[in-house]
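The values are calculated or read from the model by the stated rules, or taken from the named source; none is laboratory data. The structure displayed is predicted, hence computed values, not measured ones. Neighbour counts are summed over all protein chains in view; Cβ atoms, including those assigned to glycine, are modelled from backbone coordinates with ideal geometry. Accessible surface is based on the protein model in full, side chains and every heavy atom, while ligands, DNA and RNA are left aside. Shrake-Rupley method; radii C 1.70, N 1.55, O 1.52, S 1.80 Å.
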Amino acid sequence: MDLQQALECVNLVPMFHTLPEDQKIEVAKLVVQHEYPKGTIIYLAGDTVGHFMILEAGQVKISQVAANGKEQLLKVLQPGDFDGEAALFNGDQRNVTATALVDSNVCQIEQGAFQKLLQQSPQLSVSLLATMSQQINNLQEEKTLSSTADMAGKLAKYLVETGAALDENPFKLPLKKKDIATYLGTTPETISRTLKQLSEKGLIVANGSKIKIVDEDGLDMLL
């Protein structure tokens, strides 16, 4: 993986956005790229992961096993999303499982190499503390906004991102409706109703789990 591509991965992460360019380059030198085919388990609950993961392309689901033994979807990582930032600072076991929903490219930064870089660069440590504090504030604001977001817009965004990740049209939804509902914070019935509304508007054609995007610009207007 060349340095420019690694730097593009680093620039995807809000935690690194405000770092000076020379510090971003130092972080980029630690990046290792991995390719995971569809269905690959990237790590299991109970694993000591020890690395920070940036999704460059594809989709990755983060899930855990509920008390009743069933899998519970927690979130779906889209390109530009990241996971395991705590692994940069500690080697605790993960209590969740990460699985590639589609063929995915992941940039990883190992904990040991990153901590060594922090020891060598106090300025980087201070910069990261500042950016992480700002990120917490931003997440709180986003949570407030997302709670009032229109479900059609949320579902439209998911469909556009999924079609792009699969690079197919039409495409088969990689998640069941109940899992999409969990991901978007609603019910399966609302997902079915919203898919019907998008179909009636001529934006998509929905046939069970198969989706064809007819008017991507129209979906984009809902975002």
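Data overview
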{"item": "Residues being assigned to a strand (DSSP E or B), β-branched (Val, Ile, Thr) and touching an Asp or Glu at 6+ places or on another chain (Cβ under 9 Å) - total across the stretch 4-41", "result": "1"}
{"item": "Residue list for the stretch 188-214, restricted to those being open to solvent by 60 Å² or more (accessible area, probe 1.4 Å) and more than 14 Å from residue 171 (Cα to Cα)", "result": "189, 193, 196, 197, 200, 201"}
{"item": "Residue that is modelled with the highest pLDDT, among those in the stretch 42-86 that are of a type in the set (Lys, Arg) and assigned to a strand (DSSP E or B)", "result": "61"}
{"item": "Matching residues in the stretch 198-208 - criterion: being within 19 Å of residue 151 (Cβ to Cβ) and not in a strand (DSSP E or B)", "result": "198, 199, 200, 201, 202, 203"}
